[in-house]
Structures are given as structure tokens and as C-alpha cells.
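The values are calculated or read from the model by the stated rules, or taken from the named source; none is laboratory data. Here the structure is a predicted model, which is why all the values come from computation and not from measurement. Every residue, glycine as well, gets a Cβ built from its backbone with ideal geometry; the counts of neighbours run over all protein chains shown.
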């Protein structure tokens with residue numbers, strides 16, 4: 001069973017469109033994250049949630065809106081997509097913040113044309 | 001600013017040799033973690049070392065932490081072709097949030113059979 005699963009795996013869309021990425025974890029973890037990995041493999045945190053509550057919003061444009069309907073899910077909605085949004089987006093979870101290992105999904109490769 | 005910086009950026013060795021990667025960081029930390037990322041996949045947690053620990057072992061992995069120099073090293077002994085991957089260090093900054101792990105840019109390790 002996949003511990004952290006993201007859908008879709010690939011997303012190709014045009015500038016200006018709105019898209020969503022879904023993430024689910026079946027590990028019973030309290031904390032979930034969204035990370036963005038650019039073409040140079042630099043991984044940057046976007047959001048972290050603990051028990052459905054937003055904890056970290058790392059100066060991400062308002063076009064990005066995370067939603068956590070319950071502890072096991074953290075979705076990412078992106079409005080008005082731009083070329084610079086092209087990247088691989090990773091969802092992750094951990095039992096309780098950064099004092100414990102993060103479990104990552106396999107990523108969603110977003111390409112904006 | 002970049003918290004973790006891995007060195008070297010790329011490392012190519014022969015199977016059976018040892019591989020050493022270094023990570024430097026700027027602020028105080030609670031713990032430091034190492035992750036592996038195979039091509040096209042999510043990150044996989046390898047080892048976590050706390051700020052009051054100096055060395056930790058896990059199988060063929062040995063991690064050291066020198067908080068006075070703000071640096072850590074990851075040693076992979078008797079490397080295998082399957083160890084080919086990117087390796088990242090990650091830290092939680094103090095002061096800062098327990099819900100934000102900051103990743104370095106990674107070391108790309110290639111193990112030639």
C-alpha cells in the first residue's frame with residue numbers, strides 16, 4: 001500500500017488555467033507538507049499543516065491555495081498558472097513536525113506551456 | 001538564504017568504493033536528516049541525527065554531526081550501483097518552526113558498476 005499518494009503524476013496545462021493536485025496519506029500522521037522542486041532539484045517548502053491547521057505558508061503567491069479537509073488529505077489548488085510554476089510538486093507527511101522523518105509521495109510533474 | 005549546502009554537487013565512483021558527502025548549515029538546529037532521491041521518485045528518509053549526537057550508523061550508512069562547525073557528513077561504505085541517486089541533507093532551523101524542514105541542493109552520486 002502506498003503511504004503517501006499524489007495524483008496526478010503528470011500534469012500538462014496552458015498558462016492561465018486552474019489545476020489541482022491531490023494528496024493522501026494512510027500513515028496516520030498529523031503533519032502534511034507541500035514542497036516544490038525546481039529544475040535544478042532545489043526543494044523548497046511551500047506549506048505545512050498540522051491537524052488540518054495551516055502552520056507554514058512560505059511566501060507562496062495567493063494563486064496557490066492548499067486545503068486540508070481532514071488529517072489524511074492535503075490538496076493543492078493553483079489558479080492562473082504561469083510558466084514559472086512548472087516544477088515537480090511533492091506532498092509529504094510526518095508524525096509530528098520536523099523532529100521526525102518525512103514520508104514523501106512520488107511527486108507531480110507540472111508543465112505549464 | 002540556503003540553509004543546507006551539500007558538497008560536492010556531483011560524485012562519481014566505482015562500485016565497492018566509499019562515498020562521502022558533506023552538508024553545511026548556517027543556523028542552530030534541533031536535528032539534521034539525510035534523504036535519498038532516485039530519479040523520478042520522491043525522497044526517502046535515510047537517517048536522523050539530533051543536535052546532541054555526534055555519530056549515527058544505519059547499515060552501510062554513517063552520519064556525523066559537528067555542531068561547532070555546523071556541518072554533517074554522510075558516508076556510504078561499499079557502494080553499489082543501486083546507491084546511484086541524489087542525496088539531500090535537511091535541517092530544522094532554530095529559532096524557527098518545528099514544521100519547516102529546509103533542504104540543501106543535493107549531491108548527485110553515480111556508482112559505476
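If you scan segment A:85-107, which residues turn out to be at pLDDT 95 or above, more than 8 Å from chain B (Cβ to nearest Cβ) and surrounded by fewer than 22 Cβ atoms within 10 Å (Cβ to Cβ)? Selection gives A:85, A:86, A:87, A:88.
Pairs linking a residue in segment B:89-113 that is within 11 Å of residue B:5 (Cα to Cα) and facing another protein chain (nearest Cβ under 9 Å) to a residue that is at pLDDT 90 or above and surrounded by fewer than 18 Cβ atoms within 10 Å (Cβ to Cβ), with Cβ atoms under 6 Å and 6 or more positions apart or on different chains, are B:105/A:42; B:106/A:41.
Is it the case that residue B:24 is without any contact (Cβ under 8 Å) to a residue 24 or more places away in the chain and surrounded by fewer than 21 Cβ atoms within 10 Å (Cβ to Cβ)?
No: the conditions fail for residue B:24.
For residues in segment A:42-53 being surrounded by 15 or more Cβ atoms within 10 Å (Cβ to Cβ) and in a loop (DSSP other than H, G, I, E, B), which is farthest from the other protein chains (Cβ to nearest Cβ)? The qualifying residue farthest from the other protein chains (Cβ to nearest Cβ) is A:52. When each of A:58, A:53 is tested for being modelled with pLDDT under 95 and within 27 Å of residue B:49 (Cα to Cα), the lone residue that passes is A:58. Note on segment B:27-41: residues that are on the phi < 0 side of the Ramachandran plot and surrounded by fewer than 16 Cβ atoms within 10 Å (Cβ to Cβ) amount to 5. For segment A:54-68, enumerate the residues that are surrounded by fewer than 16 Cβ atoms within 10 Å (Cβ to Cβ), within 14 Å of chain B (Cβ to nearest Cβ) and part of a loop (DSSP other than H, G, I, E, B). Selection gives A:58, A:59. Give me the residue from segment A:69-78 that is more than 13 Å from every other protein chain (Cβ to nearest Cβ) and surrounded by 15 or more Cβ atoms within 10 Å (Cβ to Cβ) and, out of that set, modelled with the lowest pLDDT. Per the criteria, the residue is A:71.
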